[in-house]
Amino acid sequence: MEKHMAVCPYCGTGCKLNLLVEGGKVVGAEPLNGVTNEGELCLKGYFGYDFINDTKLLTPRLRNPMLRRSRDAAFEAVSWDEAIQYAAKRLGEIKAKYGPDSIMTTGSSRGTGNETNYVMQKFTRAVLGTNNVDNCARVCHGPSVAGLQVTLGNGAMSNSIPEIEHTKCVLVFGYNVADSHPVIAKRIIKAKERGAKIIVCDPRKIETARLADLWLPLNNGSNMALVNAFANVLINEGLYNKEYVANYTEGFDEYKKIVDKYTPEYAEAITGLPADDIREAMRIYAAAPSATILWGMGVTQWGQGVDVVKGLSGLALLTGNLGRPNVGVGPVRGQNNVQGSCDMGVLPTEFPGYQKVTDPEIRAKFAKAWGVDSLPGEIGYRLTDVPHLAETGKLKAMYVMGEDPAQTEPDLTQVRKGFEAMEFVIVQDIFMTKTAMFADLILPATSWGEHEGVFSAADRSFQRFTKAVDAKGDVKHDWEIISLLATAMGYPMHYNNTKEIWDELRGLCPIFYGATYEKMEGLGAVPWPCRDLDSAGSKYLYEGNVFQRPGGKGLLFATEWRPPQDQLTEEFPLILCTVREVGHYSCRSMTGNCAALQTLADEPGYVTINPKDAKALGIRDQELVWVSSRRGKVITRASVTDRTNKGAVYMTYQWWIGACNELTIHAVDPIAKTPEYKYAAVRVEPIADQVWAENYVQQEYAKLKGGLSNAVTRAAKKAPAFA
Amino acid sequence: MNRFVTANPSKCIGCRTCEIACALAHSEGAGVEGLAPESFKPRIRMVKTADVSTAVMCHHCEDAPCVNACPNNAIVYRQHSVQVEQERCLGCKNCVLACPFGVMDVVTVPAVRQFAGLTLSLGVKAQAHKCDLCIERGDAGPACVSVCPTSALTLMDREAMDETLRRRRERAALEAAEVAA
Ligand code: SF4
Ligand code: SF4
């Protein structure tokens, strides 16, 4: 049996593991003693590898480039040569006719790796000539980046994952660590065993709430009011670190003025929390000699996400919990490489290494390195703008790599209309996905396990992963495909391996320069910033309390609470909040094709509901129900549980039948453009004829699955030469 | 003393990694691809209520109700554990009813026999289904214990039990001293 070192492709914890290979097939996974996981894996790490082997449980792997010359035609398998020439011609025509800004690309926060993301943004900027490149950070931690860049100067976790277990207080805000990052959950449990106090702010009784010293079940949609009240208590009870505030922060007076109104009593009416609990939380937080704030989607997926992020960083600034070990602010990245795709500049605002596209000097540096006369200086479009831009005719072509927006974006009806309105859509993936069904051209790539590269874990650690098996079928590495396309469009691009790409980008990004492949050999992890060849990187940021802002001080920033945008009415009386579940990942194209993970949870998924709400509606546990909003209607299964708060229901976002994004609203944060996935007004209705409902689910599921797999098999049959 | 696996509810995060590891350890080498919802029967189960998440499984009792209830002596004490001799199991379910923890079940599996290179079907065979401490894995120990990402599971043998008791007594002594002071 061979063993090949890899980094788990499922979450930002970045667990190191060995893939076990027998006869060219991955047959198992075993944990390695990586920096972030120390010999642990969760179920996805242990049992989430068999999708590579094309199990076809959910969708088939792609084996050939597939093209359809008109939208009503079926896909046909074509040669790489034809596929690339076709793509180059269409993109070239669209660029000539409508200008470079009529085209948009995406990076991928998943298994492709950093090098591919670098190549994709280079292609977008240097070849297409636009900054229209983005990634799914937009729909998750975009607000964390936008908020922290303003207040502290760096959008990433300020601390490292191993430090979490050495802090004396963990304030968990809108972050279901047990389901999102099981191996980080262990760090929190260990911190508690070492005497740390745990405070959890979440409307649901999540696992960490169960273990917490203090659980604050705030009303859905009241985050800003609670954070302001926290600041109010810290200031008015004199709990804040006056010296720290005086020396290392600015904006205190303005900040104080705004939070003054948010007394715990005032916040009580908005948050539904007893004023004394709000006080108690801040007394615990301020008293701890070291304290860490961790947050997730419960903070960011709101119309007011950026403001709340800024507010949370304010709590750390007020108490001096930054710039030293075992403290800090942690927006814990969800997808395995969402930190990486931001690091690599698949953002409409930044080149790799967080260098602004609006800075002429930076542009000149990249233009010179890439051998082009100039690079675009205007900020590009965001992923969440796409449906609207397409429908209004501004966006004509889209090149989607390794993402499935037709499953993961809010208000899917809008998303589908957007794709239909575009003239040319390329989808580059390893699986036939719902998004690929809208494509004109499908480009098959190698999967995690079939290629190598570098991922960035949630705590900024660069780690290498290697190839375990050869890919089957006529597929290529993502970065090879992009290079071929660039070359066909008149910009010769060629790399022999990922190291060449890495060394090029290292040279262009001062904060990554010291992170060489050699340092990441084996179990090596290098957290950026790592500026020098002899540096081991930075476990925590802001050493010496120097913030990465003009003047070097941290900014205290508060703003008024705004209520969520969707309206509860008699017709739609419940709040729908979309969440994650531990056994599935992202759009589920990977985990849904893993036998073990699929065994634990399959369609149509669940809507969790409080027993009181369920009783009032006449809904029993495990029955199928309808859930509808102003935007759509789906069928799913009720899970009646006390862990769900009254008045709200929760659905996970990876199901095809119980697709909660048919229901969610396209209301976005004004700055980060992240959608308000956490608050849509819905109605839940029982279904009298359960037998009919069960059949309906099975039929619909079979239809969807069949549609996707037929597209692939039919294409292969039409052009057997390439099959 | 019989060995057994215990779960610590203050560490369990309800992830069910243990359930998959258990099913796989008893899959006769079929690997993950053999898993499917219909046949998924782990011997350890994660239970989630309003306030608790934890795993439950066989206690390998010293005076085991299931052993006592079996009319055919199919359940025996072996290697410091309670084990089922499957060939003797009748599927009468006495043991299922006798177990106070709800961790004994009777399942049916396809009964087959190999004859001259052919697989002959002999209908179904009943099996009393419960944790066997993965004795087939030998020194590797129970699969669930080895995978639990939060180390919520421990294999209790005499030594581990003695250590737990020693710590409890120490804590009791300290608490008593505090009360006296
Ligand atoms: S999903 Fe996350 S926690 Fe689980 S093994 Fe993979 S990296 Fe580790
Ligand atoms: S693997 Fe561990 S944490 Fe997960 S359900 Fe089992 S006992 Fe609980």
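Return yes when B:His60 is under 12 Å from the mean Cα position of the chain (by Cα), at pLDDT below 95 and more than 13 Å from ligand 2 (Cβ to nearest atom) and no when it is not. Show your work before the answer.
On the way: under 12 Å from the mean Cα position of the chain (by Cα): yes; at pLDDT below 95: no; more than 13 Å from ligand 2 (Cβ to nearest atom): yes.
Spelling it out, it is not the case that B:His60 is under 12 Å from the mean Cα position of the chain (by Cα), at pLDDT below 95 and more than 13 Å from ligand 2 (Cβ to nearest atom).
Looking only at region B:1-40, filter to residues that are away from chain A (no Cβ under 11 Å) and outside any strand (DSSP E or B); which one of those is surrounded by the fewest Cβ atoms within 10 Å (Cβ to Cβ)? Walk me through how you get there before you give the answer.
Here is the first cut: in region B:1-40, the residues away from chain A (no Cβ under 11 Å) are B:1-7, B:22, B:25-26, B:28.
Right, trim to outside any strand (DSSP E or B) and you get B:1-3, B:22, B:25-26, B:28.
Details: B:Met1: 12, B:Asn2: 19, B:Arg3: 20, B:Cys22: 26, B:Ala25: 20, B:His26: 17, B:Glu28: 8.
Step by step, filter region B:1-40, then rank; the result is B:Glu28.
Which is assigned to a helix (DSSP H, G or I) and more than 30 Å from A:Ala209 (Cβ to Cβ), of B:Val76, B:Val67, B:Val106?
Numbers: B:Val76 fails: assigned to a helix (DSSP H, G or I); B:Val106 fails: assigned to a helix (DSSP H, G or I).
None of the other options fit; the residue is B:Val67.
Within region A:150-192, track down each residue that is of a type in the set (A, V, I, L, M), under 13 Å from A:Ala291 (Cα atoms) and buried (at least 24 other Cβ atoms within 10 Å of the Cβ).
A:Ile164, A:Val170, A:Leu171, A:Val172, A:Ile188
Of the numbered conditions (1) within 16 Å of ligand 1 (Cβ to nearest atom); (2) out of contact with any Cys (no Cβ under 9 Å at 6 or more places or on another chain); (3) in contact (Cβ under 8 Å) with a residue 12 or more places away in the chain, A:Thr36 satisfies every one except a single condition; which is it?
That leaves (2) as the condition not met.
Looking at A:Thr116, A:Thr55, which one is in contact (Cβ under 8 Å) with a residue 12 or more places away in the chain, surrounded by fewer than 20 Cβ atoms within 10 Å (Cβ to Cβ) and not small (Gly, Ala, Ser)?
Going through A:Thr116, A:Thr55 in turn, just one is in contact (Cβ under 8 Å) with a residue 12 or more places away in the chain, surrounded by fewer than 20 Cβ atoms within 10 Å (Cβ to Cβ) and not small (Gly, Ala, Ser): A:Thr55.
Does A:Ala421 satisfy the condition of being free of Cβ contacts under 8 Å to residues at least 40 places away in the same chain, more than 22 Å from the chain's Cα centre (by Cα), surrounded by fewer than 23 Cβ atoms within 10 Å (Cβ to Cβ) and within 20 Å of A:Glu662 (Cβ to Cβ)?
So A:Ala421 fits the description; yes.
Consider B:Ala23 carefully, then state whether it is among the hydrophobic types (A, V, I, L, M, F, W, C) and away from ligand 2 (no atom under 16 Å from the Cβ).
Taking the combined requirement at face value, the residue does not satisfy it.
Filter region A:42-89 for residues that are more than 14 Å from chain B (Cβ to nearest Cβ) and of a type in the set (S, T, N, Q); which is nearest to ligand 1 (Cβ to nearest atom)? I'd like the intermediate steps shown before the answer.
So the first thing to find is which residues in region A:42-89 are more than 14 Å from chain B (Cβ to nearest Cβ), and the list is A:59-89.
Filter once more, keeping what is of a type in the set (S, T, N, Q): A:59, A:64, A:70, A:79, A:85.
On the way: A:Thr59: 20, A:Asn64: 30, A:Ser70: 41, A:Ser79: 37, A:Gln85: 39 Å.
For region A:42-89, the residue satisfying everything is A:Thr59.
For A:Pro9, indicate whether it is over 30 Å from A:Lys703 (Cβ atoms) and within 16 Å of ligand 1 (Cβ to nearest atom).
Spelling it out, it is not the case that A:Pro9 is over 30 Å from A:Lys703 (Cβ atoms) and within 16 Å of ligand 1 (Cβ to nearest atom).
Starting from residues that are closer than 23 Å to A:Lys646 by Cβ and out of contact with any helix residue (DSSP H, G or I) (no Cβ under 8 Å at 6 or more places or on another chain), keep the ones in region A:193-213 and report whichever is farthest from the other protein chains (Cβ to nearest Cβ).
Within region A:193-213, the subset closer than 23 Å to A:Lys646 by Cβ is A:199-212.
Narrowing further to those that are out of contact with any helix residue (DSSP H, G or I) (no Cβ under 8 Å at 6 or more places or on another chain): A:203-205, A:209-210, A:212.
Details: A:Pro203: 15, A:Arg204: 11, A:Lys205: 7, A:Ala209: 10, A:Arg210: 7, A:Ala212: 11 Å.
Here the answer is A:Pro203.
B:Asp139 fails exactly one of the following numbered conditions: (1) away from ligand 1 (no atom under 16 Å from the Cβ); (2) more than 17 Å from B:Ala23 (Cα to Cα); (3) touching a residue at least 24 places away in the same chain (Cβ under 8 Å). What is the number of that condition?
It fails just one condition, (3).
Only one residue in A:Tyr255, A:Tyr248 is touching a residue at least 40 places away in the same chain (Cβ under 8 Å), surrounded by 20 or more Cβ atoms within 10 Å (Cβ to Cβ) and over 31 Å from the mean Cα position of the chain (by Cα), so which one is that?
From the options A:Tyr255, A:Tyr248, the qualifying one is A:Tyr248.
Of everything in region A:317-373, what is part of a helix (DSSP H, G or I) and closer than 30 Å to A:Ala246 by Cα? Give them in sequence order.
Of everything in region A:317-373, those that are part of a helix (DSSP H, G or I) and closer than 30 Å to A:Ala246 by Cα turn out to be A:Leu317, A:Leu318.
If the Cβ limit is 6 Å and pairs must be 6+ apart or interchain, which residue in region A:17-30 that is at the interface with chain B (Cβ under 10 Å from one of its Cβ atoms) pairs with which residue that is within 16 Å of ligand 2 (Cβ to nearest atom)?
The qualifying pairs are A:Ala29/A:Tyr46.
Run down B:Lys11, B:Lys48 and say which single residue is more than 26 Å from B:Tyr77 (Cβ to Cβ), charged (D, E, K, R) and within 16 Å of ligand 1 (Cβ to nearest atom).
B:Lys11
Out of all the residues in region A:166-192, which are more than 10 Å from every other protein chain (Cβ to nearest Cβ), in contact with a helix residue (DSSP H, G or I) (Cβ under 7 Å, 6 or more places away or on another chain) and within 21 Å of A:Trp302 (Cα to Cα)?
A:Leu171, A:Val172, A:Phe173, A:Gly174, A:Tyr175
How many residues are without any contact (Cβ under 8 Å) to a residue 60 or more places away in the chain and buried (at least 24 other Cβ atoms within 10 Å of the Cβ) when one looks only at region A:265-297?
3
Report every pair of residues separated by at least 6 positions or lying on different chains whose Cβ atoms are under 6 Å apart, first residue within region A:580-597 and within 13 Å of another protein chain (Cβ to nearest Cβ) and within 17 Å of A:Tyr175 (Cα to Cα), second of a type in the set (A, V, I, L, M, F, W, C) and assigned to a loop (DSSP other than H, G, I, E, B).
Every condition considered, the pairs that remain are A:Val582/B:Cys15; A:Gly583/A:Ala601.
Among B:Leu153, B:Leu165, which is within 14 Å of another protein chain (Cβ to nearest Cβ) and closer than 17 Å to B:Asn2 by Cα?
Working: B:Leu165 fails: within 14 Å of another protein chain (Cβ to nearest Cβ).
Exactly one residue qualifies, and that residue is B:Leu153.
Output the number of residues of region B:47-64 satisfying the condition of being surrounded by 21 or more Cβ atoms within 10 Å (Cβ to Cβ), more than 10 Å from chain A (Cβ to nearest Cβ) and assigned to a strand (DSSP E or B). Please lay out each step first, then the result.
So the first thing to find is which residues in region B:47-64 are surrounded by 21 or more Cβ atoms within 10 Å (Cβ to Cβ), and the list is B:53, B:55, B:57-58, B:60, B:64.
If we keep only those that are more than 10 Å from chain A (Cβ to nearest Cβ) too, we end up with B:55, B:57-58, B:60, B:64.
Checking the rest, the ones that are also assigned to a strand (DSSP E or B) come to B:55.
Residues flagged as surrounded by 21 or more Cβ atoms within 10 Å (Cβ to Cβ), more than 10 Å from chain A (Cβ to nearest Cβ) and assigned to a strand (DSSP E or B) within region B:47-64 amount to 1.
The values are calculated or read from the model by the stated rules, or taken from the named source; none is laboratory data. Bear in mind the structure is a predicted one, so any value in this text is a computation, not a measurement. Cβ coordinates were reconstructed from backbone atoms using ideal geometry, including for glycine residues, and neighbour counts include every protein chain displayed.
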